[in-house]
Amino acid sequence: MKFTQRFTASALVALAASVGATAHAKDAKDISVAVIPKVAVPFFDDCNKGAKTAADKAGVKYQWVVPQNTQGSTQVQIIEDLISRHVDGIAISVNEPKSVESVMKRAEQSGIKVLTYDSDSPRSGRSMYIGTNNEQAGATMAETMGKALNGQGEVAIITGQLGAVNLNERIAGIKKGLAKYPGIKVVETQGTDDDLARGVSVVETTLRAHPQLKGIFGVSQVGGPAVAKVLNTKEFGTMKGKLEVLAFDDLPDTLKGLKDGYIQGIMVQRPVTMGSLAVEHLVAQIQGQEAQPKDIDTGVTVVTKDNMTSYTK
Amino acid sequence: MICSEPAKEERSVTAISSKKEPQSGRAADWIKACLRMRELNVLSVLLLVGLLISVFSPYFLTTNNLMGVFRSFSLIALMSIGMMLVIITGGIDLSVGSVMGLSSLVTALVFQHGYNAPAAIGAGLGVGIAVGAFNGFMITWIRLPPFIATLGTLSIGRGLMYIITKGVPVTPDVPDSFTFIGQGYIGFVPFPVVILLAMTAVFSVVMRQTRFGRYVYATGGNEVAARLSGVRTARVKFMVYVLSGLIASMAGVIAFSRFVSAEPASGFGAELDVIAAAAIGGASLSGGAGSVEGAIIGAALAGIITNGVVLLNIDTYAQQAITGCVILIAVSIDIWRVRRKER
């Protein structure tokens, strides 16, 4: 009698516990997460790498959905399709912050965990933002430039999409950081839509218009390759070494530019880390293990010729 | 040239298949007429692709998903109505994507300057009418080839958008009554889909039952003969470009209402999607053939492929290639069936 009573009691407890547990923790293999980049550029291949590794480690289903263009409407459509697909978590690097607000709120209301990485949409109700603190990165760039130019000279800023929130934050950070160096003047800020051909043309025009230029800030990934290409020509070859060029993101062409001396420093973000943290935190939130998500700054590494073979992302 | 209407009455210009109707009852007649409908070709491809996707994904045939898909292709489908009219007259309108973007932008700017919704919508639609009239003028008065004229307006529109926005999206505050247009529902049907259905019904009737519709087909089928028969072909052509512009601006206003953000590159490339939808819908680029219903089906086909790619977790890089293949297959089947009927 006593044994069967105890057995039933413990069986009931075990049953209640398992029901309680499944109410919170989904089986890993039933969880599906989707990660959306901005567009198909190499930076996001690194994010994909980190995200997929984390997904494989957690044993969850993983989907990488690349928008065909940088229009806000394209990402809205993708998120809608993912909602229909009943994914459990979405991590997105946002092209245009306003247009995705309402669809992201709809995803959250239907129980999907949503976070942003690399590029934020602050008013979309996302649980957290994982990415580079862009203003800080810009300030670091300004500091590096200020020291290299000894606080004197004309500089230009080459950016990507003029409307991109993350790029404009970097520019704001640069301008704030340059306040310490009143002898440095920003004479041009030009956009390129991150298109290489446009970037080359913009850099050439800038160099022709300002022959005494001392430094170039490339705040998006097209800056490095564009400057490297331009300085590798007869017309501008003499400016190599006389210009302090700081680039963003370690594309192969940018690294080559660093090695060949066209570029002096690269701010390297940590896309692999961004991707893996995004998936890890999504899974944790889906399983109810993360109550108070907070934004994470993945930071930048300043890569120069000295450490270019030894840094990690 | 085969007209897409069921063979019911003789018309002065376009050739129609003249099979005699057997006397076997109205229902049978109606069914036979439907089967002979050219739109059935492309409709069957649409249903087939839809079936294929639903076999592999249980989420495809859910109300939410289907309504979402309809809403996302509704703008291209809407613009393809106007494009179909233009193509039937033997012309083409490359500026629709540009007009859509520009209308979005103008609507946004009017809101930004503090005016109310009716003013903003009026301004947005006004842009479409103005550009359409400009296109029509270039084509009917100055006699520019439609390809060149609308290519010019496309470039001017794009340039204007970049000049005005300086590359930064315009995101004003808008009242909720306005966002209903792009984000609201009537029952479970999204409002843009309601607008699409209404416009399809209106233009379907216009093209099949009104004199204007016949004039459009006549102008496209054989412009000289139409003119000699008393059709004011210049006026007809002018009207279709104005209509195309107006419809494109409707799409722009709806798009802005949905995303509440007017981007500098908005509408970029949309003209190709719209032309593809019209081509799938039976439009012959030399004019005289095609139907509004066909264009809608064409847009639906492209739309469900985009949706299917995400639902089935197919590499999104493959999406454009898949869409291209399906378009070629759909139009080939259509042309093959038309050829068979001609023999």
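What follows draws every value from the coordinates through simple rules; no lab data is involved. What you see is a predicted model; the values in this text were computed from it and never measured. Positions of Cβ are generated from backbone atoms using ideal geometry, with glycine treated the same way; all protein chains shown enter the neighbour counts.
At 7 Å along Cα-to-Cβ for each site, give me the label-to-label distance between A:Lys256 and B:Leu47 in nm.
Between A:Lys256 and B:Leu47, the simple spin-label model gives 5.5 nm.
May I have the convex hull volume per residue, in Å³, for the Cα set of the protein assembly as shown?
Details: hull volume 141.4 nm³, N = 656.
So the per-residue Cα hull volume is 216 Å³.
Taking every pair of Cα atoms in region A:134-268, average 1/r, invert it to obtain the Kirkwood radius, and report Rg/Rh to two decimals.
That ratio is 0.92, to two decimals.
Could you check what % of the DSSP bridge pairs in the protein assembly as shown are antiparallel, to the nearest 5?
Antiparallel bridges make up about 15 percent of those DSSP assigns within the protein assembly as shown.
What ranking of B:Thr306, B:Thr89 emerges when the number of other C-beta atoms within 10 Å of each C-beta is taken as an exposure proxy, fewest first? Please report the intermediate quantities before stating the final value.
Values: B:Thr306 23, B:Thr89 26.
Sorted ascending by nearby Cβ count, the order is B:Thr306, B:Thr89.
Got a sec? Charge dipole of the protein assembly as shown, +1 on Cβ for Lys and Arg, -1 for Asp and Glu; which of B:Ala321, B:Thr140, A:Gly237 is way out at the positive end?
Value: B:Thr140.
Can you pull the one-decimal nm distance between simple spin-label points at B:Arg339 and B:Phe180, each 7 Å off the Cα toward Cβ?
5.2
By how many nm would the segment from B:Ile329 to B:Thr210 grow when fully extended, if each residue of separation counts as 0.36 nm and the alpha-carbon distance is taken off?
Gain on extension, B:Ile329 to B:Thr210, equals 39.5 nm.
Work out Dmax and Rg for region B:40-134 from the C-alpha atoms and quote the Rg first, both in angstrom.
Cα radius of gyration and Dmax of region B:40-134 are 18.1, 50 Å respectively.
Between region A:112-175 and region A:58-106, how many Å separate their Cα centres?
23
Based solely on its DSSP helices, what 222 nm [θ] is calculated for the protein assembly as shown when runs of n ≥ 4 H residues each add -39,500 (n - 2.57) and the sum is averaged over all residues, nearest 500 deg cm²/dmol?
Working: 24 runs with 382 residues, N = 656.
Only helices count here, giving -19500 deg cm²/dmol.
Take every Cα-Cα pair in chain A and report what % of them are more than 28 Å apart.
Numbers: 22095 of 48828 pairs.
So the pairs more than 28 Å apart make up 45 percent of the total in chain A.
Inside 10 Å of the C-beta atoms of A:150-162, what's the mean count of C-beta atoms belonging to other chains?
Per residue, the number of nearby Cβ atoms from other chains is 1 on average.
Taking neighbour Cβ counts within 10 Å as the exposure measure, how do B:Ile129, B:Ile121 sort from fewest upward?
Numbers: B:Ile129 15, B:Ile121 22.
Neighbour counts put them in this order, fewest first: B:Ile129, B:Ile121.
Towards the positive end of the charge dipole of chain B, with charges on Cβ (+1 Lys, Arg; -1 Asp, Glu), say which of B:Thr233, B:Gly101, B:Gly184 has the farthest Cα.
Most positive-ward Cα: B:Thr233.
Just tell me the longest site-free run in chain B, where the sites are chymotrypsin sites (Phe, Trp or Tyr not before Pro) in a DSSP loop having at most 12 other beta-carbon atoms within 10 Å.
Values: sites that count: B:Trp141, B:Phe188, B:Tyr317.
The answer is B:1-140.
Residues with beta-carbon under 12 Å from that of A:Asp249, excluding A:Asp249: net charge, scoring Lys, Arg +1 and Asp, Glu -1?
-3
Give me the Å³ per residue figure for the convex hull around the C-alpha atoms of region B:123-238.
Working: hull volume 17.2 nm³, N = 116.
Once divided by residue count, the hull of region B:123-238 is 148 Å³.
Can you compute the charge dipole magnitude of chain B about its Cα centre, using +1 on each Lys and Arg Cβ and -1 on each Asp and Glu Cβ, nothing else charged? Give it in debye, rounded to the nearest 20. Don't skip to the end; give the middle numbers.
Values: 25 positive and 17 negative charges, 245 e Å.
I would put it at about 1180 debye.
Hey, fewest Cβ within 10 Å first, where do A:His210, B:His113, A:His281 land in order?
Values: A:His210 14, B:His113 10, A:His281 24.
Fewest to most other Cβ atoms nearby, the residues stand as B:His113, A:His210, A:His281.
For chain B, report the convex hull volume of the alpha-carbon atoms normalised per residue, in Å³, without decimals.
Considering the Cα atoms of chain B, their hull volume per residue is 149 Å³.
B:Val202 versus B:Val224, label points 7 Å from Cα toward the beta carbon: distance in nm?
Placing both labels 7 Å beyond Cα along the Cβ direction yields 3.7 nm.
Just name one of A:Ser99, A:Gly163, A:Gly131: the one whose Cα is farthest towards the positive end of the charge dipole of chain A (beta-carbon charges, Lys/Arg +1, Asp/Glu -1).
A:Gly131
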